[in-house]
Amino acid sequence: MMDQMPTILMLAPFIGAVGLSLLAWRRPAAAMPVVFGALAITVLAAVLTLREVLANGTITYLLSGWDRLPERAEGMAVGIEYKIDAFNALVLVLIPAIALINALYLRTRLAVECAGKEILYAILYLLLVVGLCGMVITNDAFNLYVLLEISSLTSYALIGIGRRRAAHATFNYIMTGTIGASFFLLGVGYLYIQVGTLNIGDIHEALMASSELRGLASIKVAAMMIMAGLWLKMGLFPLHGWLPNAYRYAPTATGSLMAPLVTKVMVVVMLRMMVSLFGLDYLFAELNWRPVIVGIACVAILAGSFFALAQRDIRGMLCFLIVAEVGYMVGGAWLGNEAGITGAAYHVLSDACMTFCLFLAVAAIILRTGEHRLSAFRGAFRKMPVAMAAFTVGALSMVGLPPTCGFFSKWYLLIGGVEAGQWHYVACLLISSLVNAVLFFRIFEIALMKVEVEESGSFDVDALPEDPEDRWVRVPVGTIVAMIVAATAVLMIGLLNRPIASFIATWIGQAVEVAP
Amino acid sequence: MELLTLTAQFEWILGKSNYWASTVLLLIGLHAMISKNNLIKKLIGMSIFQTGIILFYVSAGAKHGAQIPIVHYGHDSHESHDKAAHAAEHAADAGQQVAEAAAPAANHAADATHTLGETLYANPLPHVLMLTAIVVGVATLGLALAMVQKVYAAYGSIEEDEVLDAIADSTADSTADNTVDSTVDRTVKGTPEA
């Protein structure tokens with residue numbers, strides 16, 4: 001039973017989705033229990049897998065027992081292989097856990113935002129989790145593409161189910177997403193033609209073994225294609241056009257699921273491609289792309305931060321902050337030293353939690369006040385203390401203040417930048433932190449002070465409806481629990497920085513030669 | 001870099017005609033996706049783009065005079081199976097070994113027109129991969145068409161500039177802070193929405 005945890009992890013949401021579509025088509029009431037049940041099993045399986053990985057090291061799981069070929073045939077993989085190492089295992093816990101907590105919020109919104117489509121939404125929700133987990137767990141390049149498309153297709157539908165403007169935003173996302181996935185597929189094709197296998201570990205070994213292979217232009221083009229495809233998918237700055245509108249006009253529960261997970265999982269895939277497929281040796285010793293890519297990341301960080309500053313729509317602001325955060329992670333990963341990659345991997349975890357926390361809190365605030373603008377925050381500390389507490393924790397983490405996880409991941413990124421001598425990256429990180437501080441303290445000012453906000457005239461906190469039970473009634477208990485858990489996670493990932501950093505260090509491994 | 005003779009250049013272009021064809025398809029598709037104004041034309045571009053990739057894979061798996069990769073009864077199935085999974089670059093080498101492995105069992109396959117060493121097996125993997133990619137492409141196209149329908153229902157047009165104008169108008173009309181829509185629970189404010 002323990003051996004089968006990697007498949008149980010993948011199958012639970014999948015069977016949930018298929019079961020819903022077959023058995024509960026006309027029973028919207030079945031949607032949420034199945035979502036909760038399937039995700040709870042997934043989280044459990046992921047936690048057990050993590051424990052196993054911590055005890056016995058990396059797990060390799062051969063799907064349906066297709067064993068590797070015997071040595072005389074070069075030991076190549078035949079079937080699809082799952083590979084769970086320390087970092088994967090952490091991300092695998094994170095994905096279903098966020099989906100499960102978000103389901104607490106979804107429960108209250110499903111009937112309102114997707115009336116008549118509850119079952120369809122629940123199916124897509126579970127399938128998105130399958131796709132995201134699959135991308136992290138699989139060790140087969142083509143399987144990775146298929147799961148990438150599964151998660152993309154479900155996320156298109158989850159966004160498109162939303163409001164009037166969502167349709168056009170989704171259309172743009174489909175266009176960009178398809179180009180991105182196709183580039184990835186093309187890159188995998190180049191690798192397959194040159195190397196003759198799709199197993200990520202085998203490709204890596206073949207590349208390490210033959211310097212002739214490493215010198216081929218087509219491998220270089222493959223690396224370029226795969227990276228470009230993933231950047232399109234994660235919304236690295238010049239390629240971010242689809243992101244803000246898609247997340248802003250999606251149903252709120254989609255936004256709070258996808259914003260923390262989708263771009264971050266793409267960063268995980270990029271890190272795996274860099275570390276496990278091409279190898280840092282190859283990327284940093286033979287291709288000299290570091291200056292260019294770190295440069296792009298710097299532009300992404302600055303552009304994301306300043307666009308966020310210019311936004312007056314709260315969710316739009318958060319979307320541009322994601323663009324900046326993607327810049328942090330891509331830049332950190334391409335610094336090419338251990339601290340940088342540790343920072344990028346750590347930032348994946350912390351950014352997922354803090355984005356989740358902020359999106360949940362903002363969704364609650366928008367629902368309560370009915371406003372999308374920053375003015376929604378007027379008197380918010382008084383009206384909705386829990387939501388604002390969660391928002392504050394998330395905001396402090398975005399700014400990067402010590403007890404929160406944002407500080408520690410940014411710390412590693414800064415160390416990486418200093419060690420690599422990429423001072424412009426360090427400068428951009430610091431400027432972005434300052435811009436975030438301005439951004440969030442402006443909101444705190446609106447929330448705390450009786451000020452005249454923008455053009456909406458004078459405002460009096462006392463004019464607000466003031467009954468103490470109201471705030472609990474209006475923000476459903478499930479949402480409040482979800483926000484508390486998310487805020488706790490932000491703090492816990494910060495406080496547990498030492499074990500997490502050591503997981504990531506094991507993952508990068510001693511075997512990896514780090515480029516100077 | 002050494003100078004190529006004229007014939008060698010022709011060889012370089014014609015010998016890789018499948019890659020040229022797929023590259024041209026990719027560029028046509030990309031161009032349509034980026035520059036066309038009509039949403040349906042964009043989708044046509046997307047289909048061409050995906051077809052280019054499918055052509056790339058399928059042609060890479062094709063091999064002149066190759067057999068379908070079905071193992072004859074009585075062969076050392078393990079051996080030939082191994083070899084079928086090999087890459088194109090190992091093809092010649094692998095084919096020779098298949099022939100050797102198959103030699104003892106040649107009397108079982110006496111009616112085979114060629115010896116196995118000459119015919120080789122085509123690598124089935126790229127084709128199988130493309131079956132999956134085609135399914136993904138169909139799903140994407142279907143979803144995108146559904147989105148075009150939603151766009152048309154909302155804005156009465158599938159020309160991108162007209163849709164963008166309509167979006168800009170609808171944003172300008174609604175007075176700033178009250179762009180409350182279906183995501184916001186009407187009951188919260190207690191005021192009926194227009």
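The values are calculated or read from the model by the stated rules, or taken from the named source; none is laboratory data. All figures in this text were calculated on a predicted structure; none of them were measured in a lab. Here Cβ is always computed from backbone atoms with ideal geometry, including for glycine, and neighbour counts include all displayed protein chains.
Some points to look at:
- Of the numbered criteria (1) under 25 Å from A:C298 (Cα atoms); (2) within 14 Å of chain B (Cβ to nearest Cβ), the one A:C353 fails is (2).
- All of A:G304, A:G229, A:G215, A:G279 fail the test of being more than 18 Å from the chain's Cα centre (by Cα), within 20 Å of A:V330 (Cβ to Cβ) and not β-branched (V, I, T), apart from A:G279.
Results for (1) closer than 23 Å to A:G160 by Cα; (2) of a type in the set (A, V, I, L, M, F, W, C), shown as yes or no for each residue.
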residue: A:P33; (1), (2): no, no
residue: A:T60; (1), (2): no, no
residue: A:G79; (1), (2): no, no
residue: A:L92; (1), (2): no, yes
residue: A:A97; (1), (2): no, yes
residue: A:A103; (1), (2): yes, yes
residue: A:R109; (1), (2): yes, no
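- Total residues in segment B:124-167, condition facing another protein chain (nearest Cβ under 9 Å), closer than 16 Å to B:Y57 by Cβ and touching a residue at least 60 places away in the same chain (Cβ under 8 Å): 5
- A:L104 being aliphatic (A, V, I, L, M), surrounded by fewer than 24 Cβ atoms within 10 Å (Cβ to Cβ) and touching a strand residue (DSSP E or B) at 6+ places or on another chain (Cβ under 7 Å): no
- Leading residue by the ranking (nearest to B:K36 (Cα to Cα)) among those in segment A:158-175 that are within 9 Å of another protein chain (Cβ to nearest Cβ) and surrounded by fewer than 24 Cβ atoms within 10 Å (Cβ to Cβ): A:M175
- When residues in segment B:33-52 are screened for being closer than 15 Å to A:G180 by Cα and either among the small types (G, A, S) or touching a strand residue (DSSP E or B) at 6+ places or on another chain (Cβ under 7 Å) (or both), 3 of them pass.
- Of the residues in segment A:293-307, not one is without any contact (Cβ under 8 Å) to a residue 12 or more places away in the chain and surrounded by fewer than 24 Cβ atoms within 10 Å (Cβ to Cβ).
- Only one entry of A:A30, A:A40 meets the criterion of being in contact (Cβ under 8 Å) with a residue 60 or more places away in the chain, among the small types (G, A, S), surrounded by fewer than 16 Cβ atoms within 10 Å (Cβ to Cβ) and in a helix (DSSP H, G or I), and that entry is A:A40.
- Whichever residue in segment A:180-196 is at the interface with chain B (Cβ under 7 Å from one of its Cβ atoms) and either of a type in the set (S, T, N, Q) or under 25 Å from B:G29 (Cα atoms) (or both) and, among such residues, is surrounded by the fewest Cβ atoms within 10 Å (Cβ to Cβ): A:I193
- Test: A:L148 is part of a helix (DSSP H, G or I), touching a strand residue (DSSP E or B) at 6+ places or on another chain (Cβ under 6 Å) and farther than 16 Å from A:G255 by Cα: no
So that you can scan it fast, the table gives a plain yes or no per residue for (1) in contact with a Leu (Cβ under 9 Å, 6 or more places away or on another chain); (2) part of a helix (DSSP H, G or I); (3) in contact (Cβ under 8 Å) with a residue 24 or more places away in the chain:
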| residue | (1), (2), (3) |
| --- | --- |
| A:Y328 | yes, yes, yes |
| A:G331 | yes, yes, yes |
| A:L335 | yes, no, yes |
| A:C353 | yes, yes, yes |
| A:A364 | no, yes, yes |
| A:G394 | yes, yes, yes |
| A:L413 | yes, yes, yes |
| A:E419 | yes, yes, yes |
| A:S433 | no, yes, yes |
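- In this structure, A:V362 does not qualify as modelled with pLDDT under 90, surrounded by fewer than 19 Cβ atoms within 10 Å (Cβ to Cβ) and β-branched (V, I, T).
- Taken together, the residues in segment A:99-120 that are within 14 Å of chain B (Cβ to nearest Cβ) and in contact with a Leu (Cβ under 7 Å, 6 or more places away or on another chain) amount to 1.
- Failed criterion for A:L302 (all others in (1) at pLDDT below 90; (2) in a helix (DSSP H, G or I) hold): (1)
- From A:A285, A:A333, residue being at pLDDT below 90, crowded, with 23+ Cβ neighbours inside 10 Å, more than 16 Å from A:V435 (Cα to Cα) and not polar (S, T, N, Q): A:A333
- Sole residue being touching a Ser or Thr at 6+ places or on another chain (Cβ under 9 Å), more than 27 Å from A:I500 (Cβ to Cβ) and at pLDDT 90 or above, chosen from A:L92, A:L124, A:L132: A:L124
- Screening segment A:197-212 for residues that are crowded, with 22+ Cβ neighbours inside 10 Å and either modelled with pLDDT of 90 or more or facing chain B (nearest Cβ under 10 Å) (or both) and picking the one that is farthest from A:L243 (Cα to Cα) gives A:T197.
- Checked against the criterion of being more than 9 Å from chain A (Cβ to nearest Cβ) and modelled with pLDDT of 90 or more, the candidates B:K36, B:K41 yield just one match: B:K41.
- Residue check, A:T7 of a type in the set (S, T, Y), in a helix (DSSP H, G or I), farther than 18 Å from A:T154 by Cα and in contact with a Phe, Trp or Tyr (Cβ under 9 Å, 6 or more places away or on another chain): yes
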